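Right, one structure below, let's go through it.
The values are calculated or read from the model by the stated rules, or taken from the named source; none is laboratory data. Bear in mind the structure is a predicted one, so any value in this text is a computation, not a measurement. Positions of Cβ are generated from backbone atoms using ideal geometry, with glycine treated the same way; all protein chains shown enter the neighbour counts. Each accessible area value is taken on the protein alone, full model and side chains, heavy atoms only, with ligands, DNA and RNA left out. Shrake-Rupley method; radii C 1.70, N 1.55, O 1.52, S 1.80 Å.
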Amino acid sequence: MPVFRRLYPSHGRDFPKNTKTEDSSRSWQFGVCCRTLHTGADRPEPSLAAAPDRLPFSRITQEDLAFFRKIVPERAITDPDLLESSNVDWLKSVRGSSEVLLRPQTTEEVSQILKYCNSRNLAVTPQGGNTGLVGGSVPVYDEVILSTALMNNILTFDSISGILTCQAGCVLENLSLYLEERDYIMPLDLGAKGSCHIGGNVATNAGGLRLLRYGSLHGTVLGLEVVLADGQVLDCLAALRKDNTGYDLKQLFIGSEGTLGVITAVSILCPRKPKSVNVVFLGCETFEQLLKTFQLCRGMLGEILSAYEFLDSECMQLLNMHLKLPNPISDCPFYVVIETSGSDPTHDGEKLHNFLEEAMTSSLVTDGTVATEDSKIKALWSMRERITEALTHDGFTYKYDISLPVERIYQLVTDMREHLGGRARRVVGYGHVGDGNLHLNITSPAKDPALLAAIEPFIYEWTASCQGSISAEHGLGLKKRNYIYYSKPSQAVALMGNIKAMLDPKGILNPYKTLPDNLK
């Protein structure tokens, strides 16, 4: 287990003091006077995941509502019952108190809304499918919610190049269905595909199950249309794979979580739909065997390998217990989901057969099953994709999305179990082995400030000691903003603050998110 001697092993920094800055003109740099998200027993100090005091933004007036109703008639929602679902995150761990939800249909409407809000100093929370896990897509206080749900049109699709251009509110699954009819697929696939929006995917730089094969959105997104805080429309909606003219501005907005601008349209490169897809579900006795299986898999399957996912036996128990999903193979400490996709079923089948034969004869794998039919493929994938759903039935969940050197992924789970002892109901690990991404989840009967204090900052110190990242694909949002220094040096964070100040000088876009409360 790593030994920790300071809070920021990588950079030797201390956490910022819980004081406000003297300069209130840069409103997004206020300090940490916290309204805790985790109610219950008293703690000596508030969690750094807690919300800071409300910044001095304006409050909604009847004149503001009248303007919004003029810009988006019938689409300015003020009914508290209708606002409820937009005010709370998917995990029901962060709840805002916004009084208005705006549902624009066009980029021009978004531009007029932001221009007005900037002039009035009204804070705005952009919101897509609201499937985020770090509190980044819901208001903290009374921010105006700007939903892209009605911006759901596909603009163009080039069947030769495979380039899709669409509005930001298109649901990922709908895009996938549209493309499959045209013999293409989306380059990303997520468990939340039925409700997440492509704009939100890009804003959070979502990774998902296909990253091993197709890479991240930093590579597959070719262009963006973004509305800046002052209403200016930045049209970088290119449909070119190669464009080396000046700075690649779209990269600023990929993963910026709505703090630099509101993404209104996306141009993305889509791969051809594979003619042959196989999914294998395997069991391993140790994590070391699981990693050796991955090495063997990459070597023998090569270009047809499209996913390599894992889950532990605790995850399997949750799936059995809460969702009644039966284990498709015999009980094992670890399970692997492998997907292959290619253009020749015979060729792919031979490669897969040779790999499985070698894995079994080498005793790396103790049991397994193969699926080639769509229904069986979906059944095997559900063992990985529905873990998050199963966790919601196990009590309150503390969720962590960590990037680590592949060989260290599961050691964090083991060390966390030892560290917490009996204080947690369950500590489970699953994730993307192919890109070193661990999803560590800790459940308890209810919100437990003492348990949270035991988890944090231990988990971040452990991650930093391995030169890992505290957020592999979920973003920082509200919950992790003040832990950014575990993964980024102070100079980089300061530069991020300068970029934020330049693009959004009043700090109206998604305040309290992504950047720490005290920038140094």
Open item on the list: Between (1) 191; (2) 151; (3) 231, which entry matches volume of the Cα convex hull per residue in Å³ as derived from the coordinates of this structure?
Closed with: (2)
Open item on the list: Given points 7 Å out from each Cα along the Cα-Cβ axis, report the residue 159 to residue 406 separation in nanometres with one decimal.
Closed with: 3.8
TODO: Calculate, in nm to one decimal, what residue 62 and residue 317 gain on full extension: separation in residues at 0.36 nm each, minus their alpha carbon distance.
DONE: 86.5 nm
- [ ] Round to the nearest 0.05 the FRET efficiency obtained for residue 491 and residue 74 when R0 = 41 Å and r is the Cβ-Cβ distance.
- [x] 0.25
Open item on the list: Students often get this wrong, so check it: of 70/506; 193/376; 273/479; 273/399, which have C-alpha atoms separated by over 30 Å?
Closed with: 273/479; 273/399
TODO: Counting only C-alpha contacts under 8 Å and six or more residues apart, can you give the relative contact order of the chain as a whole percent?
DONE: 19
- [ ] Using only Cα atoms, locate the centre of the stretch 224-254 and the centre of the stretch 437-459, then give the distance between them in Å, rounded to an integer.
- [x] 38
Task: Cross-link partners of residue 480 among aspartates and glutamates (Cα-Cα below 19 Å; sequence separation of 8 or more within a chain) - done: 14, 45, 53, 89, 257, 401, 448, 456, 461, 517
Open item on the list: Per residue, how much accessible surface does the stretch 276-388 expose to a 1.4 Å probe? Answer in Å², no decimals.
Closed with: 43
- [ ] State the extension gain, in nm to one decimal, for the chain segment bounded by residue 82 and residue 181, taking 0.36 nm per residue of separation less the distance between their alpha-carbons.
- [x] 32.2 nm
Task: Values of log10 I(q)/I(0), in the order q = 0.12, 0.18 Å⁻¹, for the stretch 212-341 under a Debye, Cα-only, solvent-free model - done: -0.72, -0.95
Open item on the list: Beyond 25 Å, how much of the Cα-Cα pair distribution for the stretch 276-388 remains, as a whole percent?
Closed with: 16
Open item on the list: Taking the Cα centroid of the stretch 71-113 and of the stretch 371-413, what is the distance between the two, rounded to the nearest whole Å?
Closed with: 31
Open item on the list: Using a 7 Å offset from the Cα along the Cα-to-Cβ direction at both residue 357 and residue 235, what is the distance between the two label points in nm, to one decimal?
Closed with: 5.9
- [ ] Let me know the charge dipole size of the chain about its Cα centre in debye, to the nearest 20, where only the beta-carbon of Lys, Arg (+1) and Asp, Glu (-1) is charged.
- [x] 1200
- [ ] Treating only the Cβ atoms of Lys and Arg (+1) and Asp and Glu (-1) as charged, compute the dipole magnitude of the stretch 276-388 about its Cα centre; round to the nearest 20 debye.
- [x] 260
TODO: Using a 1.4 angstrom probe on heavy atoms only, work out the carbon and sulfur share of the accessible area of the stretch 276-388 in %.
DONE: 49
